[in-house]
Amino acid sequence: MTHTHTHGTTHAGNGLAGDDLAEGPGRGGPGPAPGPAVDVTTDGLPSWLDPVAAAARSVQPQQLSRFLPPASGAGRQSAVLVLFGEGQRGPELLLMERSGTLRSHAGQPSFPGGALDPEDGDQATTGPLRAALREAEEETGLDPRGVQIFGVLPRLYIPVSSFVVTPVLGWWRAPSPVGVVDPAETARVFTVPVADLTDPANRATAIHPSGHSGPAFLVESALVWGFTAGVIDRIVHYAGWERPWDRARQVPLDWRA
């Protein structure tokens, strides 16, 4: 699982979408000036990430979500970092849990991420990449120099909040210490083994009182649902990691969710 080999350089392309149970990053917009150069490459990527990189290049968003960004370009532009690393139990994914005192989505696990700032540059090209790395550093203390971006998934639309979110795929090539930077925003930062995410015993369907439903993961003393779970679910599926699980197993959510 830890063997590495060399691949070619790739570019931002098609990829995975989440479901409609979604939390949204903050508000932001494009800026006129680009930031530092950001490369997207699969060079030296671990072989176990090959299926994820392949899915990001080939899967069409229409196959994965019924919600696509408005053709008018409307929506609040943001990005999240979907960061894969290698832990004591093998491949893992970095997540954070929002503070329980926040007004919206309190206590909900999510990817690091947030709104594009002007200094991130062009929202149509590398702006989301810079935003994902910058927000991850601000929220978890992550050193972005140790992250290799190997793919970009298509922008996802969250109608309830009008967020347009770009998931950025990263390989934690040189791990750095992470933790809570601002307790008012983040309750904890943690990693989840991919093996736990694919374990059928940890999977369920989250049911919101509004009637919406979507995939959920019960891992690391947390219930991962909404946008984050939707992206994980699609990655697990199209990477070929999914194992049969009981979709009739339901986890109810309340109106505060």
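The values are calculated or read from the model by the stated rules, or taken from the named source; none is laboratory data. The model shown is predicted, which means the values in this text are computed figures rather than measured ones. All Cβ positions, even for glycine, are placed from backbone atoms using ideal geometry, and neighbour counts span all protein chains on display. Side chains included, ligands, DNA and RNA excluded: accessible areas come from the protein's heavy atoms. Shrake-Rupley method; radii C 1.70, N 1.55, O 1.52, S 1.80 Å.
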- Here are some conditions: (1) at positive phi; (2) buried (at least 23 other Cβ atoms within 10 Å of the Cβ); (3) not aromatic (Phe, Trp, Tyr). Residue 211 meets all but one. Which one does it not meet? (2)
- Task: Could you run through region 66-93 and say how many residues are open to solvent by 20 Å² or more (accessible area, probe 1.4 Å) and in contact (Cβ under 8 Å) with a residue 60 or more places away in the chain?
- Result: 11
- Query: Where residues in region 161-193 are in contact with a Pro (Cβ under 9 Å, 6 or more places away or on another chain) and of a type in the set (Phe, Trp, Tyr), which of them is farthest from residue 47 (Cα to Cα)?
  - Reply: 163
- Please indicate, with yes or no, whether at least one residue in region 140-150 is at pLDDT below 95, open to solvent by less than 40 Å² (accessible area, probe 1.4 Å) and more than 14 Å from the chain's Cα centre (by Cα). no
- Out of (1) under 15 Å from the mean Cα position of the chain (by Cα); (2) more than 22 Å from residue 76 (Cβ to Cβ); (3) among the small types (Gly, Ala, Ser), the odd one out for residue 187 is which? (1)
- Would a scan of region 172-186 turn up a residue that is at pLDDT below 90, over 21 Å from residue 130 (Cα atoms) and surrounded by fewer than 22 Cβ atoms within 10 Å (Cβ to Cβ)? yes
- Message: On the basis of being at negative phi and either open to solvent by less than 10 Å² (accessible area, probe 1.4 Å) or of a type in the set (D, E, K, R) (or both), does residue 154 make the cut?
- Response: no
- Item | Within region 219-256, tally of residues that are of a type in the set (Phe, Trp, Tyr) and more than 16 Å from the chain's Cα centre (by Cα) | 3
- Counting only residues that are small (Gly, Ala, Ser) and over 20 Å from residue 150 (Cα atoms), how many does region 111-128 have? 1
- Here are some conditions: (1) farther than 29 Å from residue 119 by Cβ; (2) under 15 Å from the mean Cα position of the chain (by Cα); (3) surrounded by fewer than 22 Cβ atoms within 10 Å (Cβ to Cβ). Residue 53 meets all but one. Which one does it not meet? (1)
- Checked against (1) modelled with pLDDT of 95 or more; (2) out of contact with any Leu (no Cβ under 8 Å at 6 or more places or on another chain); (3) within 25 Å of residue 59 (Cα to Cα), residue 162 satisfies every condition except (1)
